[in-house]
Amino acid sequence: QVQLVESGGGLVQPGGSLRLSCAASGSILSINVMGWYSKGQGKQRELVARMYTGGNTNYADSAKGRFTISRDNAKKSVFLQMNSLKPEDTAVYYCNAEVLPWSGAWDNYWGQGTQVTVSS
């Protein structure tokens with residue numbers, strides 16, 4: 001069974017920083033894209049940032065210049081460094097990965113979500 005485990009969320013003041021981490025484990029043959037999505041209260045889940053195995057990245061406009069995505073392919077991990085946090089960043093952040101398991105079919109997998117709250 002493929003599993004994504006997240007950590008790093010919490011409560012920070014405006015202007016502060018957090019680093020989110022996500023590690024994939026289980027019967028994994030290959031991973032393509034890994035990324036982060038957010039869902040604020042009353043809002044749709046939206047892409048924050050993603051990175052493909054070869055290094056190409058996509059960022060939401062609101063994340064550009066403040067957030068940085070990185071990966072450690074050997075550890076099957078993805079990270080999101082969040083700087084200059086704003087109250088509008090408050091949301092549940094979900095790790096996502098496109099995984100080919102040994103059972104044979106590509107599928108999207110999601111972490112449990114970690115709460116990020118930006119408030120004074």
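The values are calculated or read from the model by the stated rules, or taken from the named source; none is laboratory data. This one's a predicted model, so the numbers in the text were calculated from it and none came from an experiment. FYI the Cβ positions are ideal-geometry reconstructions off the backbone, even for glycines, and counts take in every protein chain you see. Just the protein is used for accessible areas: all its heavy atoms, side chains included, with ligands, DNA and RNA removed. Shrake-Rupley method; radii C 1.70, N 1.55, O 1.52, S 1.80 Å.
Please tell me if Val33 is surrounded by 15 or more Cβ atoms within 10 Å (Cβ to Cβ), in contact with a strand residue (DSSP E or B) (Cβ under 7 Å, 6 or more places away or on another chain), aliphatic (A, V, I, L, M) and within 17 Å of Thr114 (Cα to Cα). Criteria not met by Val33. From the list Ser70, Ser62, Ser77, Ser84, the lone residue that is among the hydroxyl-bearing types (Ser, Thr, Tyr), open to solvent by less than 40 Å² (accessible area, probe 1.4 Å) and under 20 Å from Val116 (Cα atoms) is Ser77.
With respect to the conditions (1) on the phi < 0 side of the Ramachandran plot; (2) hydroxyl-bearing (Ser, Thr, Tyr); (3) modelled with pLDDT of 95 or more; (4) open to solvent by 40 Å² or more (accessible area, probe 1.4 Å), Tyr93 lacks only one, and its number is (4).
Within region 39-54, if we keep just the residues that are farther than 20 Å from Thr117 by Cα and modelled with pLDDT of 95 or more, the residue that is farthest from the chain's Cα centre (by Cα) turns out to be Tyr52.
Looking across region 41-59, the residues that are surrounded by 14 or more Cβ atoms within 10 Å (Cβ to Cβ) and over 12 Å from Cys95 (Cα atoms) come down to Tyr52, Thr57, Asn58, Tyr59.
Name the strands (runs of 3 or more DSSP E) wholly within region 6-50 that hold at least 1 residues that are within 17 Å of Thr68 (Cβ to Cβ) and in contact with a helix residue (DSSP H, G or I) (Cβ under 8 Å, 6 or more places away or on another chain)? Strands (runs of 3 or more DSSP E) meeting the threshold: 28-39.
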